[in-house]
1. Starting from the Kirkwood radius over alpha-carbon pairs of segment A:32-75, derive D by Stokes-Einstein at 10 °C in a medium of 1.306 mPa s and give it in µm² s⁻¹.
2. For chain B, divide the Cα radius of gyration by the Kirkwood radius and give the resulting Rg/Rh value with two decimals.
3. Rounded to the nearest 500, what is the 222 nm mean residue ellipticity of chain A from helices alone, with -39500 (n - 2.57) per DSSP H run of 4+ residues and division by all residues?
4. What FRET efficiency do you get for A:LYS96 and A:ASN191 if R0 is 51 Å and r is their Cβ-Cβ distance, rounded to the nearest 0.05?
5. Give me the log10 of I(q) over I(0) for the protein assembly as shown at q = 0.10, 0.12 Å⁻¹, as the Debye formula computes it from C-alpha points; what are the numbers?
6. Given the options B:THR44, B:THR32, B:THR83, which has the most mean-square fluctuation in a GNM of chain B, springs set between C-alpha atoms less than 10 angstrom apart?
7. Between A:ARG14 and A:ILE43, take the C-beta separation as r, use R0 = 51 Å, and let me know the FRET efficiency to the nearest 0.05.
8. Under a point-charge model restricted to the Cβ atoms of Lys and Arg (+1) and Asp and Glu (-1), what is the dipole moment magnitude of the protein assembly as shown relative to its Cα centre, in debye to the nearest 20?
Amino acid sequence: MAKLNVNPTRMELRRLKTRLKTANRGHKLLKDKSDEMIRQFMIYIKENKKLRDEVEQELADSTKSFMLARAVSSDAIIEEAIAMPGTKVELKTSSKNVMSVDVPEFEIIESEKKELYPYSFASVTSELDSSIASLTNLLPKLLKLAEIEKTCNMLADEIEKNRRRVNALEYVMIPQLEETIKYITMKLDENERGATIRLMKVKSMIENRN
Amino acid sequence: MRDGGIAVVGDKDSILGFKAIGLDVFPVEGETQIRDTVHTLARTYSVIFITETAAAQIESLLKRYAARPYPVIVPIPSSEGATGFGMKNIRANIEKAIGADILFNNKEDK
């Protein structure tokens with residue numbers, strides 16, 4: 001590892017030692033952060049997988065009955081039936097802090113429940129009813145999935161970034177600082193020895209002259 | 001934080017049902033149209049559900065939105081059933097964060 005390009009002075013040595021201390025401390029903190037983030041991530045990702053399994057299952061069922069309804073009635077009737085939905089889903093978004101990562105959080109604002117089925121029952125089949133009922137029940141789960149999936153996504157990003165920082169400190173910064181500190185200490189020691197030798201030399205020269 | 005609504009993007013057959021429960025649906029076809037639609041919607045909506053078939057076509061665009069808190073773009077199975085695109089994303093996340101796939105191991109052995 002290359003040493004830093006600095007002057008081998010006592011002042012520089014002191015400065016580097018402080019930097020090394022900070023780097024070590026930062027490294028420890030970041031490593032702890034990484035551990036905790038991974039622990040949180042595991043919780044979220046397990047939930048994510050479970051939720052996605054469920055949602056995919058239920059959504060497949062509800063789309064199936066919707067397809068059935070479309071097959072039974074004509075296109076025009078279906079489109080007319082759902083052209084004016086009775087409910088409107090409003091969303092309140094906020095953000096939550098997970099390990100200093102801002103992740104989204106949703107809340108459904110229920111508009112006053114008018115009528116779940118915005119059509120007359122005479123014109124369409126019961127498959128459409130069941131499809132819409134199951135979709136309505138599924139919506140909170142879908143939003144939860146959106147929330148958790150985003151959280152996982154962002155946490156994964158952050159964990160990766162954090163790992164880079166930890167590695168940079170551990171394998172670049174800290175060895176570099178240590179090497180430079182060693183170099184400066186050696187250089188200073190060498191200078192000191194040089195000074196002593198010079199003194200001795202001068203002393204013996206003076207003695208010889210006498 | 002913005003209070004955008006929920007949009008659903010995908011082929012008409014898969015997403016029409018969502019209209020009945022009060023979400024905004026945007027039927028699309030073809031890569032360019034999907035891309036344009038998602039791009040426009042991303043500005044106003046906070047949650048976008050997109051069918052897996054459509055999502056698979058614009059993967060690069062989705063990656064760009066992945067790092068931001070909003071919008072949240074979630075792949076959902078289309079009428080043809082789940083393609084595994086959503087699961088693939090979860091797996092990619094795990095690999096990115098931990099370096100090895102530890103949740104899906106058992107499945108791949110079989």
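No lab work stands behind these numbers, since they all come straight from the coordinates. Computed from a prediction, not measured in an experiment: that's the story for all the values here. Neighbour counts run over all protein chains shown; Cβ positions are idealised from the backbone, glycine included.
1. Values: Rh = 13.0 Å.
For these conditions, the coefficient is 122 µm²/s.
2. Working: Rg = 14.9 Å, Rh = 14.8 Å.
Using only Cα positions, Rg/Rh for chain B is 1.01.
3. Values: 4 runs with 150 residues, N = 210.
Mean residue ellipticity at 222 nm (helix-derived): -26500 deg cm²/dmol.
4. On the way: r = 58 Å, r/R0 = 1.14.
For A:LYS96 and A:ASN191, the calculated efficiency is 0.30.
5. Values, matching the q order: -0.68, -0.87.
6. Largest GNM mean-square fluctuation: B:THR32.
7. Details: r = 45 Å, r/R0 = 0.88.
Approximately 0.70, to the nearest 0.05.
8. Values: 50 positive and 48 negative charges, 681 e Å.
Charge dipole of the protein assembly as shown: 3280 debye, to the nearest 20.
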